[in-house]
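Notes follow once the structure below has been shown.
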Amino acid sequence: MDLTTPAVRVRPAAADDAPALADFAQRLFHETFAADNRPADMAAYEADTFSAERQAAEIADPDGLVLLATLGESWVGYAHLGAGTPPAGVPTPAVEVRRFYVDPAWHGRGVAASLMTAVQHAAAARGARALWLGVWERNARAIAFYAKWGFTDVGTQPFRLGDDLQTDRVMTRAL
């Protein structure tokens, strides 16, 4: 099996990407979390978060940025960055990594590294001193990935998935 990764291209999402991004993002979220959550909670969150209209609004938001990682014509990952007031323990100015997903078929093959590098460059270009994110306390793989990239745990915040109030770890790293 060839495990080399061809050149990953990371580009800002465009308005006409919104319908495909809605499907792609919903699929990756579902594959990541469905086994550990109630179907009704997943369905409620996915319906609210991954509509084409919501993706179009996020792409158009001047305070945000959606990055798509591609290999040829295939989408292999994406990240959504946003502005706002970070929680305590996060240096400012900071950019939030609201979503960061790589297609499971591409885990461990360099896609995440290319995407995270692009995230860091984009945040620095916006004048950020730090990145921060919330990651589900039960997502050990993601927590380990972020720690490998220099993120440290600075606390918790609530995250609502449907009717289930969960706990996210808040992690940050300097740029």
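Values computed for the structure shown
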quantity	calculated
Candidates ASP61, ASP23, ASP103, ASP36, filtered to the one that is farther than 25 Å from TRP132 by Cβ, among the charged types (D, E, K, R) and at pLDDT 95 or above	ASP23
Filter result for the condition that a residue is surrounded by 18 or more Cβ atoms within 10 Å (Cβ to Cβ) and without any contact (Cβ under 8 Å) to a residue 40 or more places away in the chain, over GLU73, GLU58	GLU58
Filter pass, TYR146 being surrounded by 21 or more Cβ atoms within 10 Å (Cβ to Cβ), closer than 24 Å to ASP164 by Cα and at pLDDT 95 or above	no
Top-ranked residue in region 76-91 [being closer than 16 Å to PHE151 by Cβ and not hydrophobic (A, V, I, L, M, F, W, C); ranked as surrounded by the fewest Cβ atoms within 10 Å (Cβ to Cβ)]	GLY89
Test: residue in region 97-110 that is farther than 18 Å from THR32 by Cα, touching a Lys or Arg at 6+ places or on another chain (Cβ under 9 Å) and not small (Gly, Ala, Ser)	no
Boolean, VAL97 is farther than 13 Å from VAL10 by Cα, within 15 Å of the chain's Cα centre (by Cα) and at pLDDT 95 or above	yes
Residue list for region 119-137, filter: more than 16 Å from the chain's Cα centre (by Cα) and assigned to a loop (DSSP other than H, G, I, E, B)	ARG126, GLY127, ALA128, ARG129
Members of region 66-100 found to be assigned to a strand (DSSP E or B) and within 13 Å of GLY134 (Cα to Cα), listed by number	HIS80, LEU81, GLY82, VAL95, GLU96, VAL97, ARG98, ARG99, PHE100
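The values are calculated or read from the model by the stated rules, or taken from the named source; none is laboratory data. Note that the coordinates shown come from a computational prediction; the quantities given were computed from them, not determined experimentally. Backbone-built Cβ (ideal geometry, glycine too); neighbour counts: all protein chains shown.
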